[in-house]
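See structure below.
The values are calculated or read from the model by the stated rules, or taken from the named source; none is laboratory data. Model, not experiment: these values are computed from the prediction. Backbone-built Cβ (ideal geometry, glycine too); neighbour counts: all protein chains shown. Areas reflect the complete protein model, heavy atoms only, side chains present, ligands, DNA and RNA absent. Shrake-Rupley method; radii C 1.70, N 1.55, O 1.52, S 1.80 Å.
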Amino acid sequence: MGRTVYLTTPIYYVNAEPHIGHSYTTILVDVLTRYHKMMGDRAYFQTGTDEHGEKIVQAAQKRGIEPQEYVDRVSDLFASTWQDIGIAYDDFVRTTEPRHKALVQEVLQRVKDKGDIYFDEYAGLYCVGCERYLTATELKDGKCPDHEVEPKEVKEANYFFNMEKYKGRLIEHIEANPGWIRPERFRNEVLSFLKQPLEPLCISRPKSRLEWGIELPFDDAFVTYVWFDALLNYVSAVKETAKGEDLFDALWPACNHVIAKDILKTHAIYWPTMLLAADIPLFKQLDVHGYWLAGDSKMSKSLGNVVRPGSFDRHFGIENLRYFFFREMKFGRDSSFTYELFVERYNSDLANGLGNLLSRVSSICKKNRGGAIRPVPEVTGAEEALIDKAATVAQRYPEHFEQRDFHLAVEEIRGLLGATDNYINTTAPWKLAKDPDRAEELDRVLYTGLEVVRIASILLHPIMPRTTRTILDYLGDERPTDGSVPWDQLTAWGGLTAGHILGDVPRMFPRIDEKKLEQVSAEAEAEAARATAEAAGAAPVRGDFEPIGEEIAIEDFAKLDLRVGVVREASLVEGADKLLRLMVDIGEERPRQVFAGIRSAYPEPAVLEGRHVIVVANLKPRKMKFGFSEGMVLAGGGGTDRLCTATFKGDLRPGDKVS
Ligand code: MSP
């Protein structure tokens, strides 16, 4: 086993649904985790949700539900979104969990006992979006630069944490460890901020104003300030993992936080001073990336310009977005996200690049060699140049990853693929195929082309795990990428196995045309306009999160033929303790037989006789043990004790359409 790495994303606020900005950090950590595993390291990946604080309460109130119900919903939405887009985290921490609350209280008590927490009155400018007090110098035209709203003046008595006491030790640590905060720009920003005295950090909120939070262990009239609570997730969740293990000693020394620059101050100043006060060693590394911008602004829910990962996946494939992220963003700098730019990069690098190389070499191999891979041929200067290039790219790749210069790693892979494309153009295998005397040359070119695709797929594997697995399987390289095969072996020239027969060429990276691009951009614009109007105070035209799953278009809904049915007979089904057998009249020659899973609600099924119900009339009949089920009856409350069939008030007839 190599090194141990404990990678974290920020825990996201649940006042917004996941968007592409959050997805970037989460995908980045997913890629790093896969990269480390491929290198033989032990990598542990933690993400989660930040569920306390004022803005969560405001969001719940806006929807007229209790904070707990609200946070449960949106936290689930985060977890399921990550699962849907193939994020392989080890643990998902929620700040409302008992394991987290317990640690927060323990740390607060410890710091209080040390004398670093005191009671005082304070007045300041609070930004609810940032959930922190802003200093006058941070404001732009009197507004928070990130949320573009004026902070509110708050004056109240609270508990304070004496950050200033630990400033000297923090500066020393930053100076002695030049790579601790990366890239250097952010390290310098923090050092220059630390030149001023550190104001005490207000770490409580009176319950009279905010009840939603973790109670202070030493004063039950107050809850903990959300940042003091949230930052501790990085410790609480490894002290007690979801599986109940204590991995703190194994993981904490290897903790690598990944954040965007919006939360630099909280992670580079609040957090380390908190750790010093709590006598917990400092984390190992803080990596800070820039923003994904939509136009000139940071993509964010409050500015109404978000792109949702699920919808992106349906339109264009999430792995293609992962590629775009890594190709496009220079770590630490801002980058623009537009659909146009994505499509441009996709078409040139993936459709015309990797995809085209794979399909053109494959089709010549299939046409002329029955798809068989021949043994590694003798090479000439042209191949040697490519072999050297592939070796250099593979050797520098881990260096780029370690330095977080991901875009350079991708640039070099593109360079390798481009050089191979030129090589194919020059050697023209389609011409070689016509000349039986040049069979050996053809073998060499085919091998070289496919071997480069194989190596590029290994290199791109952490970024596009599913896509590259398909290519590798197709090429016959089924070796695992979990570190059990050393990196040098995976990337060494000659990995294609002689004798492997290529199957059907996987249809990879179809070009995205203008029409599709226009359609998706138009939908996105309409969505952004709706969200902006809503943020500006217009009545919500639609909820600003979609906890309910995949959206369908009106045309999809129109495919359902729903009819009014009248239950003529209802009986128990022997041997099926959940089912009732209903004979439902929907105006046809004979009633339909429908088996419905509603027995728990109707132990005496006769009560259903005569009831008007909704029948899905065009559902394909399903053969069951007891006979055919010829439709479906709609019911509400499944999974609860409120289960009952949907019915009507009004004079409807069997067979009337329901729409
Ligand atoms: N809850 C706090 C973090 C607490 S960590 C102890 C928070 N949450 S957040 O939901 O606002 O997430 C902020 C993070 O989301 C950023 O630091 C970044 O990782 C990610 N991003 C959100 N929008 C983004 C962009 N437009 N661009 C890049 N990253 C983005 O702050």
From the residues in segment 250-266 that are more than 24 Å from Arg3 (Cα to Cα), of a type outside the set (Lys, Arg) and under 22 Å from the mean Cα position of the chain (by Cα), which one is farthest from the ligand (Cβ to nearest atom)? Leu264
Test for Glu451: is it surrounded by fewer than 21 Cβ atoms within 10 Å (Cβ to Cβ) and in a helix (DSSP H, G or I): no
(1) in a strand (DSSP E or B); (2) open to solvent by less than 70 Å² (accessible area, probe 1.4 Å) all hold for Lys623 apart from (2)
Quick check: anything in segment 190-204 touching an Asp or Glu at 6+ places or on another chain (Cβ under 8 Å), open to solvent by 50 Å² or more (accessible area, probe 1.4 Å), part of a loop (DSSP other than H, G, I, E, B) and modelled with pLDDT of 95 or more? no
Anything in segment 26-43 that is open to solvent by 10 Å² or more (accessible area, probe 1.4 Å) and within 16 Å of the chain's Cα centre (by Cα)? List them, or say none. Arg34
Inspect segment 45-66 for any residue being within 14 Å of the ligand (Cβ to nearest atom), touching a Pro at 6+ places or on another chain (Cβ under 6 Å), open to solvent by 10 Å² or more (accessible area, probe 1.4 Å) and not β-branched (Val, Ile, Thr) and give the result as yes or no. no
Any chance Tyr166 is under 30 Å from Ala221 (Cα atoms) and either open to solvent by 50 Å² or more (accessible area, probe 1.4 Å) or part of a helix (DSSP H, G or I) (or both): yes
Scan segment 489-518 for residues that are assigned to a helix (DSSP H, G or I) and either in contact (Cβ under 8 Å) with a residue 60 or more places away in the chain or surrounded by 12 or more Cβ atoms within 10 Å (Cβ to Cβ) (or both) and report the count. 5
Candidates Leu216, Leu247 - the one that is crowded, with 23+ Cβ neighbours inside 10 Å, more than 16 Å from the ligand (Cβ to nearest atom) and either at pLDDT 95 or above or not polar (S, T, N, Q) (or both): Leu216
Any chance you could count how many residues in segment 552-567 are of a type in the set (D, E, K, R) and either under 10 Å from Ile586 (Cα atoms) or open to solvent by less than 70 Å² (accessible area, probe 1.4 Å) (or both)? 3
Output the qualifying pairs, or none if there are none: Cβ atoms under 9 angstrom, residues six or more apart or on different chains, first residue in segment 4-30 and more than 6 Å from the ligand (Cβ to nearest atom) and part of a helix (DSSP H, G or I), second residue of a type in the set (Gly, Ala, Ser) and open to solvent by 10 Å² or more (accessible area, probe 1.4 Å). Ile20/Ala294; Asp30/Gly86; Asp30/Ala88
Taking the options Val226, Val288, Val235, name whichever one is open to solvent by less than 30 Å² (accessible area, probe 1.4 Å), within 14 Å of the ligand (Cβ to nearest atom), within 16 Å of Trp180 (Cα to Cα) and within 27 Å of the chain's Cα centre (by Cα). Val288
